[in-house]
Structure formats: structure tokens, C-alpha cells
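Asks: Let me give you the structure first, and then I'll get to my questions.
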Amino acid sequence: MKEQVAKLVKKLLKDGKIQGFLGLREANGNIQPYLFKKADELAEMSLGDQHKPGDARYPLNLTLVRLAQAYPEATFGVLVRGCDARGLVELFKWKQLQPEKEVPVGIACPAELAIACECRQPYPDDCQVGEKQKGIDQAGSVTSVDEMATKARFGFWMEHFERCVKCYGCRNVCPMCFCKECALEETDLIQTAILPTENPIFHLTRAVHMAGRCIDCGLCEQACPADIPLRALYKKVADILATETGYRPGFQPDQKSPLNIIETSGSND
């Protein structure tokens with residue numbers, strides 16, 4: 001797969017369709033984001049599969065937003081899995097990126113990663129490399145919590161939230177967190193310099209804030225040092241939104257999130 005991606009990127013660079021390709025590079029035993037600007041650099045490219053599939057993923061879309069802000073006239077290519085492609089869909093809607101300035105190179109996730117992530121669509125709509133795997137429609141992590149009695153479910157979440165050290169890792173790694181002012185730093189909502197940290201309000205505030213935006217990439221849970229099952233929390237919020245409005249972030253390019261629409265009544269009553 002890596003050779004196929006490299007071939008596509010080399011052509012994009014040669015044809016002048018992109019000024020750089022945002023992907024992953026393996027260097028000194030580590031995998032990290034890297035902007036490839038020359039074809040000969042692609043020999044060090046990685047797809048993020050270091051010890052097992054997808055164990056070295058990064059929020060490339062978040063870096064892409066910063067690149068677009070710094071170089072508004074440039075066109076960049078970017079490596080995208082299914083979740084990354086969903087993220088691009090939402091970032092276009094939220095005017096964080098311009099579709100004509102971004103060239104996605106889509107790869108399919110292997111079955112092992114698709115199952116581990118309980119991903120509904122583990123490949124981009126425009127999948128250029130790799131074999132499309134069947135999506136997981138029912139998330140077992142959510143079902144197992146839903147099946148608990150109310151008191152047990154409350155205890156389950158409180159036990160996990162109490163381990164939180166409020167490192168902001170979940171927010172900082174999120175490709176859909178682009179607010180200039182963060183509600184999680186608003187002292188009227190969440191007090192600072194308090195030990196133990198103020199829970200569960202921190203996580204509930206973020207869960208509500210991500211409704212209509214979370215594209216289920218799972219990077220928040222991957223980054224959490226306390227092993228809080230954040231993905232199950234956000235999957236549940238997404239399920240509620242889908243049930244109530246029929247909307248799932250990243251799957252409907254021509255439809256805005258119902259939480260991103262301002263309507264005014266034409267009535268004079």
C-alpha cells in the first residue's frame with residue numbers, strides 16, 4: 001500500500017497539483033507527521049502501522065488547517081483514512097478548509113483496525129489504495145454500557161471520569177477542535193486549580209460540544225493517559241443525534257449539522 005500511495009503522491013507533485021503532501025514519516029524509530037515536498041523524501045513515508053495497524057495515527061487534518069492558515073494560496077495533498085475523510089467533510093462545512101485547496105489521497109483501513117475502532121465506514125468514499133472492509137454498524141462498546149442498569153451505568157462513568165487528570169489531551173488531539181476560545185477553559189463552567197479535577201462536568205461539557213462534529217476517529221481515547229473509554233461516550237452522543245435528527249457527521253456532504261443552522265421565524269406573532 002505504501003508504494004501505491006507514494007506513486008500517487010509523486011505524480012501529484014510532478015504535475016504541480018500540490019505544493020506538498022501531508023502524511024506520516026518514520027524517523028529514528030518513531031512515526032510522526034511530515035510535509036513531503038520532494039519525491040525522493042517519500043522513501044521514508046509511513047502509513048502509521050508501526051507495531052499493529054493504525055497504532056501511530058495523528059490528527060493530520062488539524063495540521064492541515066494550520067498549514068492552510070499559514071499558506072492560503074497553496075494546495076496540499078493529505079493522507080486520509082475513512083475517519084479523516086469524514087473530518088474533511090465537516091471542516092469544509094465549518095469553513096476551516098477550502099475543498100479546492102486540498103487533495104485527499106484515500107486509503108482503506110485493514111480489517112483488524114476497522115474492528116478495533118468499531119468503524120461504520122473504514123475507508124473514504126474516494127478510496128484510492130487498499131481493499132474496502134465491511135463497516136461495524138453496532139458498536140459493542142456502547143451496547144455493553146447501555147445494557148447496564150441506570151445506577152450501574154452512572155457508577156461506570158463516574159469511576160472512569162474520576163481518573164481524569166484534565167491534561168486536555170482529548171481536546172488537543174481532536175481534529176474537530178478548532179474554536180479560538182475553548183469552553184473547557186471557561187472558569188464559569190469548569191474551575192481550574194482544583195484537585196481532584198472537577199468531574200464529570202469536564203467530559204460532559206466536551207461531549208455536548210462535540211455533538212454534530214465528532215467524526216469517530218478515536219484519537220481522543222488513544223491519547224488519554226487515564227484510559228477513559230471516550231470513544232464509547234462520543235459514539236453514544238452521535239447515536240442520540242442520529243436518532244433525533246437523522247444526521248451523522250461526515251456522512252452527508254451536502255447537509256449541515258442541525259446544530260450549525262440558525263433559523264429565524266417569518267411570523268410576526
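The values are calculated or read from the model by the stated rules, or taken from the named source; none is laboratory data. Since this is a predicted model, take the numbers as computed values, not measurements. Cβ sites come from the backbone with ideal geometry, for glycine too, and all protein chains shown count toward neighbours. Accessible surface is based on the protein model in full, side chains and every heavy atom, while ligands, DNA and RNA are left aside. Shrake-Rupley method; radii C 1.70, N 1.55, O 1.52, S 1.80 Å.
Asks: Residues being of a type outside the set (Gly, Ala, Ser) and without any contact (Cβ under 8 Å) to a residue 24 or more places away in the chain: count how many of those fall in region 1-29.
Replies: Of the residues in region 1-29, 6 are of a type outside the set (Gly, Ala, Ser) and without any contact (Cβ under 8 Å) to a residue 24 or more places away in the chain.
Asks: Output the strands (runs of 3 or more DSSP E) that fall wholly within region 1-118 and possess 2 or more residues being farther than 27 Å from Phe251 by Cβ and of a type in the set (Phe, Trp, Tyr), or say none.
Replies: Where strands (runs of 3 or more DSSP E) fall fully within region 1-118 and carry at least 2 residues being farther than 27 Å from Phe251 by Cβ and of a type in the set (Phe, Trp, Tyr), they are 30-36.
Asks: What's the number of the only condition in (1) touching a Pro at 6+ places or on another chain (Cβ under 9 Å); (2) of a type outside the set (Phe, Trp, Tyr); (3) open to solvent by 10 Å² or more (accessible area, probe 1.4 Å); (4) over 16 Å from Pro175 (Cβ atoms) that Gly77 fails to meet?
Replies: The number of the failed condition is (3).
Asks: Are any of the residues in region 235-244 in a helix (DSSP H, G or I), at pLDDT below 90, of a type in the set (Val, Ile, Thr) and open to solvent by less than 50 Å² (accessible area, probe 1.4 Å)?
Replies: no
Asks: Which of the residues that make up region 1-21 are open to solvent by less than 10 Å² (accessible area, probe 1.4 Å) and either under 18 Å from Tyr123 (Cα atoms) or touching an Asp or Glu at 6+ places or on another chain (Cβ under 8 Å) (or both)?
Replies: Within region 1-21, Val5 is the sole residue that qualifies.
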